[in-house]
Amino acid sequence: METSNIPLGMTIIKFLKPMFRVLEIRAAKQTDIKLTMAQFGLLFTISEEKEEVILKDVAEKMGKDKSAILRMIDLLEKKELVRRVVDSTDRRKNHIIVTKKGEQFIVEFREIELKLNNELQEGLSVNDMKTFYKVVDHLKVKSDQLYLISKI
């Protein structure tokens, strides 16, 4: 089947959806914690923040509205992966921090992801993967540029 006639977005989704399904299934089986990729993405994003987690910024990074992020935070908190801590100087503000359980889950999830990545790359050469990453990087840069232009 000729794939060059399929739009880029559809091609990427055709690859990502089954990969994410496998990742979600393996993570749930191996860690006993069931999260969607969006929920894991939020957990990972929170863990990577060097300063306080600001809901608006996280929502923008993930391309979701604040209410969707709040619902995911509630779920992550229920699973004891994150917790809210009241700001000592402003009781109206909450900081979201990743718990020890959340940190451990991230480590385990990344190991599962790495194993899956290795399986997916079977049969591809180092040059194939270099080309893949070069193309993906190019598409990301162009997408970011077009996004900034479209916001004007």
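The values are calculated or read from the model by the stated rules, or taken from the named source; none is laboratory data. Computed from a prediction, not measured in an experiment: that's the story for all the values here. When we count neighbours, we look across all protein chains shown, and the Cβ atoms used for this are built from the backbone with ideal geometry, even at glycine.
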Single unsatisfied condition, ARG83 versus (1) in contact with a Gly (Cβ under 9 Å, 6 or more places away or on another chain); (2) closer than 26 Å to VAL22 by Cβ: (2)
Matching entry among LYS64, LYS34, LYS17, LYS56 (being more than 16 Å from the chain's Cα centre (by Cα) and assigned by TED's automatic domain parsing to the domain that holds ARG92): LYS56
